[in-house]
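Reviewing the structure listed below.
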Amino acid sequence: MRAFVQIDLSAIAENIAEVRSRIDSTVLAVVKADAYGHGLIPVARTAIESGATWLGVALLEEAISLRDAGIEAPLLAWLTPPHEDFERALQLNIDLSVSSIELFEEILGCAGRLGIKPRLHFEVDTGMRRGGVLGEWTEFLQYALDNRERYSLVGLWSHFARADEPDSDFSSIQEESFHQKLVELNGAGLRPEIVHLSNSAAALTRQSAHLSMVRLGIAMYGLSPDVKEMGGASTFNLRPAMSIKAQLHLVKDAKAGDAVGYGGAEVLTHDTKLGVVAMGYSDGLPRSASNKVGVAFDGQRAALVGRISMDQCVVNLGPDSRAQAGDFVTVMGSEGYSIDEWAAAAQTINYEIVTRIASRVPRIYQLK
Ligand SMILES: *Cc1c(COP(=O)(O)O)cnc(C)c1O
């Protein structure tokens, strides 16, 4: 196996336990995007075994995969455009989110034909201007009332735009707007079983927003929602679950003055040993991190030299390295460059680094 992603499921279990020890609310484990690249089914099972009560995904396909794997936990899919396979969703007891009368009508129509009462969560836009009911709220509320017998109102929810900036007032404004919507809903006699507003950042820093449930994503994977604004994962006693290893395809001597890789983008200043690592940008390593990070071997860091290629990259092992072709190096995580260092090098966020690791890189699970 020339490269693999190692997932420490006990880290995920401990991270959930850590967050649960700080909050009183139920935890919904967010496992969209193949559990942030960590693997949908193993992570979902671990999350449920570790005290998460709910699972949440963006896509209906993701929810269906969970049910097909025999996972029966309460499950919410929140990104379903019109004309999805709602029949399947309802038959599999998947909770759906509605942000418009149009979608509400379609789901009720489908449910009516099947004779199933759909379990719905109303999403309200409290400031992010992404999903959620906004200008249509009054009509939406009326529609919800008029059709009260045709669905179960499970949740009212919204999403923070700036919870990773704990000093920003914007989250308080969103919270206020959320409570206003809840009051109006209750005033109309509609009482959701649960209300949920917090992502990881709010779960970690904003107690007033925990409500009945928090939707825990990045923190469960042991990463900080915003390293600059909130500090790294260790600030919250969280441990990254993902690390990446790859084999050295070749080790060879090169001379000072040699230009390495496409474009000859980097010229060696000393004689050294180069290691050709069997992993590249098609595997999800960001090409924009070329020259800025590297790998670790035998407790030593070895910097990337030249540009990352599609399937491989080259590192400077140093003239005295004992590394040999076939040895594994740590590309990311554990004793290597951290996911956060890769993210900074590529001028992006840790979320993007972990979710972009390609499916052709196998995931190997570890339960310490
Ligand atoms: C992705 C997502 C989350 C989780 O966000 P984190 O910052 O990873 O905790 C929560 N809620 C919704 C609606 C999401 O799309």
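The values are calculated or read from the model by the stated rules, or taken from the named source; none is laboratory data. Note that this is a predicted model, so its numbers are computed, not measured. Neighbour counts are summed over all protein chains in view; Cβ atoms, including those assigned to glycine, are modelled from backbone coordinates with ideal geometry. Surface accessibility is based on the protein's heavy atoms, side chains included, excluding ligands, DNA and RNA. Shrake-Rupley method; radii C 1.70, N 1.55, O 1.52, S 1.80 Å.
What to note about this one:
- Check on Leu90, surrounded by 18 or more Cβ atoms within 10 Å (Cβ to Cβ), of a type outside the set (D, E, K, R) and under 15 Å from Ser152 (Cα atoms): yes
- Complete set of residues in segment 147-200 that are open to solvent by 60 Å² or more (accessible area, probe 1.4 Å), over 15 Å from Asp125 (Cβ atoms) and either within 13 Å of the ligand (Cβ to nearest atom) or among the charged types (D, E, K, R) (or both): Arg148, Glu149, Arg150, Asp167, Asp169, Arg191, Glu193
- Pairs linking a residue in segment 35-46 that is closer than 16 Å to Leu59 by Cβ to a residue that is modelled with pLDDT of 95 or more and polar (S, T, N, Q), with Cβ atoms under 7 Å and 6 or more positions apart or on different chains, are Tyr36/Thr355; Gly37/Thr355; Leu40/Ser65.
- In segment 206-234, the residue that is farthest from the ligand (Cβ to nearest atom) out of those that are touching a helix residue (DSSP H, G or I) at 6+ places or on another chain (Cβ under 7 Å) and polar (S, T, N, Q) is Ser208.
- Lone unmet requirement of (1) among the charged types (D, E, K, R); (2) within 18 Å of Asp85 (Cβ to Cβ); (3) touching a helix residue (DSSP H, G or I) at 6+ places or on another chain (Cβ under 8 Å) for Arg119: (3)
- Hits in segment 72-123 (condition: farther than 24 Å from Glu136 by Cα and polar (S, T, N, Q)): Gln91, Asn93
- Residue identified as more than 27 Å from Val57 (Cβ to Cβ), touching a residue at least 12 places away in the same chain (Cβ under 8 Å), outside the structural domain of Ala201 (by TED's automatic domain parsing) and not β-branched (Val, Ile, Thr) among Asp311, Asp340: Asp311
- Residue list for segment 347-365, restricted to those being part of a loop (DSSP other than H, G, I, E, B) and either of a type in the set (Val, Ile, Thr) or within 16 Å of the ligand (Cβ to nearest atom) (or both): Thr348, Ile349, Arg356, Ile357, Val361
- Verdict on Lys252 being in a strand (DSSP E or B), more than 12 Å from the ligand (Cβ to nearest atom) and either surrounded by fewer than 19 Cβ atoms within 10 Å (Cβ to Cβ) or outside the structural domain of Asn316 (by TED's automatic domain parsing) (or both): yes
- Test result for Ile244, closer than 30 Å to Leu274 by Cβ and either assigned by TED's automatic domain parsing to the domain that holds Val43 or buried (at least 23 other Cβ atoms within 10 Å of the Cβ) (or both): yes
- If you go through segment 25-76 and keep only what is small (Gly, Ala, Ser), closer than 20 Å to Pro118 by Cβ and crowded, with 23+ Cβ neighbours inside 10 Å, you end up with Gly56, Ala63.
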